[in-house]
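Here's the structure, in structure tokens; my notes come after.
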Amino acid sequence: MKNLKSILKKHSNVFFSVLMISFSLFVVSCDDDDDNDIPMSSKNIVEIAKSDPNFSTLVSAIVAAELDDVLSNGGPFTVFAPTNAAFAKLDPTTLNNIISNPVLLTALLQYHVVSGEVTSSDLTNGPVGTLLSGQSIDVDLSGGMVTLNGSSMVTAADIDASNGVIHVIDEVLLPADFASQTIVQIASGSDDFKILVKALLKPELSDLLAAASDPTSDLTVFAPTDEAFDATLKALGKESIDDLPIGLLKEIVTYHILGGAVMSNELTNGDVPTLLPNESVTVDITDGVKINGTKVIAEDIKAINGVVHVVESVLLPSYAATAVGTISEVILFDPNYTILVAALKTAELLETVSTTDDLTLFAPDNAAFIAAGITSLDGLDKEALTPILLYHVLGAKVLSTQLPEDGMATTLSSDQMMYLGYLNNGVVLINGLTKITGVDMEKSNGVVHTIDRTLMPPSGDVVDIAIALSDMGDDSEFTVLVSLLASDTYSDVTAALKAAENVTVFAPTDAAFGEISDLIATLTEEQIRTVLTYHAAPARVFSTDLVEGQVIGMLNGQTLKIKSIIDALIVIEDKTEDNAILNEVNIHGSNGVIHVVDKVLIPAL
């Protein structure tokens, strides 16, 4: 806040420029001064100005404000006329702001006109009222010179016109509280708002920058100082606004803006909508002005396109404020979890995750969504997303050292189970595919573990999944297997697979059955039953649970062997010592897992 007082003082004249666009000149005629000895000119004020190229900017302004008729035919008037050089002393952007705003331009010109004919000899020290209501010019006659408002010099006096008199000045006169800068110019001109300006200059916030730069806008900005931003970033464990998701940063900045200029004396207790949809700030004027409980430490800094109130803390939208200190904070303020946050918002679950006690969130980062083939949430609504997201949440706080030894954890998605595998190298896998890559980010209501692939709740048991995979048109793989399971002859096998709490199925493709079509034709019903039950193990065994040389007991009482594992290539050996390769692994079902094999496994018959 080291510069705020100086800003208020420095810019108090400049900020009144919002009024410059709607100039409507009210002409007050006075009786001609009978004592005026200056001979009358045949030219009026406008004609004289037009005849001198040094007043071309002034003439353009008079015409743009549609005051040429009044200043040509009304009067008498006294005009303090700035030269082109005087206008050139103004900041080019400020001048453009004034010219582009008819009201502001009119007000500025009014301030240069006095009712009646006042010659230099009529001037005295002190204020002279202008046609701009309530505004006066301060005249100083010391040193034999005529100085206006402390700096503008009269360089040529008493240029007579048919409807008044002109005095030439070397600086444009600005009324008190005259706002000629935009909100962005005010912020950019201060050392207290560097972070706010940095945010506005990001390409993703270009629309906000344009609105706050547009002289015709009408906005209220609650502007946090750099000190306010630094305090918020420190509380979040961030070093810079660059560490925040750009979408969240834009929403935070938008939340500081109201769609209309509201002075502090116009604020009332209650909620006021911001430009961020469905988000309001709460105003409290009981003891000073507070916004969401945050003090306004400098108020009513006028701009050409609105007003700025300086706040001592960053204002956070309701969902972000609720998230601070909870497990939602971990993901909401981190750019690596933007897809997850968007999904939680769509499913209306972000607040639930923020406000529910004792949760464990397995949080997929953006790369995890991409790894699972999810690059967009288009077409996914609340109904579709809710069961998926709840499958990532446990209803208890479980640190990495407290993960269940039996590898089974109940999620909030209709109490469906997730299955944890513990590898010798310390890696923990969920449902055989998903790694836990970051652990134990604790907050007030639970803990977050990062995962490298999104989790999908099982859509059915292993039989349901096989049926679904057999009905995929040209991509169908298990039509022969499913036809056998669907027959009355082998309904007992199907019933056993569906009733099993945990089962692993090694599912042969149609091509695999095709390779032994001659053999199948020679087998009895009981032998086929033995073949079918030789493809199922009474346990949930993910590919990551398999080790070379492992012997697995099957439902028919026989065993098969894991012959070799080389990287992702898993080879199994049946009782004929023939080899089969797992083509696809870890198709997750509600009661087990399916691995696709390229050969039919043959037991001892």
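Coordinate-derived values only; no laboratory data. Quantities reported herein were computed from a predicted structural model and do not represent experimental measurements. Cβ placement follows ideal geometry from the backbone for every residue including glycine, while neighbour counts extend to all protein chains displayed.
Descriptive notes on the structure:
- The modelled label-to-label distance for the pair residue 521/residue 69, using points 7 Å beyond Cα in the direction of Cβ, is 10.6 nm.
- Taking 0.36 nm per residue of sequence separation and removing the Cα-Cα distance, the residue 155/residue 510 pair yields an extension gain of 117.7 nm.
- Kirkwood Rh (inverse of mean 1/r, distinct Cα pairs), the chain, angstrom: 30.7
- Note on the chain: helix-only mean residue ellipticity at 222 nm, from DSSP H runs of 4+ residues weighted -39500 (n - 2.57) and normalised by residue number, equals -7500 deg cm²/dmol.
- Environment charge at residue 327 (Cβ cut-off 11 Å; Lys +1, Arg +1, Asp -1, Glu -1): -2
- Net +/- balance of residues flanking residue 208 in space, Cβ distance below 14 Å, scoring K and R +1, D and E -1: -1
- Computing FRET efficiency as 1/(1 + (r/R0)^6) for residue 218 and residue 51, where r is the C-beta to C-beta distance and R0 is 30 Å, gives about 0.15.
- FRET efficiency, residue 422 to residue 483 (Cβ-Cβ, R0 30 Å, nearest 0.05): 0.20
- Added length on full extension, which subtracts the Cα-Cα distance from 0.36 nm per residue, residue 128 to residue 405: 90.8 nm
- Summing Lys and Arg as +1 and Asp and Glu as -1 over all other residues whose Cβ lies under 13 Å from the Cβ of residue 498 gives a net charge of -4.
- Distance in nm between pseudo-label sites at residue 491 and residue 142 (7 Å out along the Cβ direction from Cα): 11.3
- Computed with the Debye formula from one identical point scatterer per Cα of the range 183-316, without solvent, the log10 of I(q)/I(0) at q = 0.10, 0.11, 0.12, 0.17 Å⁻¹ comes to -0.28, -0.34, -0.41, -0.87.
- Cβ-derived FRET efficiency at R0 30 Å, residue 415 paired with residue 380, nearest 0.05: 0.85
- For the range 459-605, the calculated P(r) over all alpha carbon pairs, in 10 Å bins from 0 to the bin holding the longest distance, is 12, 46, 37, 5, 0 percent.
- Label sites at residue 564 and residue 476, each approximated as a point 7 angstrom past Cα along Cα to Cβ, lie 3.6 nm apart.
- Pairs beyond 25 Å (Cα-Cα), from 238/443; 234/443; 198/302; 194/290; 435/599; 250/290: 435/599
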